[in-house]
Structures are given as C-alpha cells and as structure tokens.
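Written out below as structure tokens is the structure these notes cover.
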Amino acid sequence: MVKGINRQVVVVKSPDPKLFEQAIFLLREDAAGDGVSPEQIIQQARQAADDYLRSHSVRGRRGLHLPRAAWGVAGAVLASAAWAVFLFLL
C-alpha cells in the first residue's frame, strides 16, 4: 500500500493490441504548471510511445538480422572456404 502519493498519469491505448494494450506515462509534478495543454501532453505521450516502438521493432532497424545460430553457421562456412582456398594455393 502506498500512502501520501498523488500522481497524474496519461494512458495511451495501443492501435495494434497484439502485444500491448496500453502505455502508461507518469506526469512530472511540475508539468501542469508550465502552461502545457492536455492535448500537448497526449501528443507527446503518443510520440514517445511511437518512437519507442519504431526504435525497438525489427522492421524499424536497418541491416541484416539473422539468428545467432545462422551467423555461427555462416562464419563456419566462410572459415572452411578460406582454408580450402589457402590449401588449394599451396
């Protein structure tokens, strides 16, 4: 049980609830006194949630993403090929 704490929260519903239902943001105590409108708070919360999902999703990342086992197999194949070329040149 928590006593003596009064916090304001912003709840952002997920547009695609496959993994997450909602994101919960705790407002800073001094956020309401800065002349920030409720629309600006909601917009910033949605932007933060979108940025997080974009930076942590597989589709948002660039480069080739293979399982670790596939990288191990690829390394073994390349090492074997290098040895074969080295032995062929001797």
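Neighbour counts of C-beta atoms inside 10 Å place Lys18, Lys13 in the sequence Lys18, Lys13, starting with the fewest. Remark: the range 79-88, residue by residue, has Karplus-estimated 3J(HN,Hα) of 5, 5, 5, 5, 5, 5, 5, 4, 5, 5 Hz, where x stands for each Gly or Pro and the curve is 6.51 cos²θ - 1.76 cosθ + 1.60 at θ = phi - 60°.
Simple spin-label estimate for Leu27 and Trp71 gives 4.3 nm between the two label positions (7 Å along the Cα-to-Cβ direction from each Cα).
The GluC sites (Glu not before Pro) of the range 13-46 that DSSP puts in a loop, and whose beta carbon has at most 12 other beta carbons within 10 Å, are Glu21, Glu29.
Read-outs: derived from the displayed coordinates by stated rules, not from any lab. The structure displayed is predicted, hence computed values, not measured ones. As a convention, Cβ positions derive from the backbone with ideal geometry for all residues, glycine included, and neighbour counts pool all protein chains shown.
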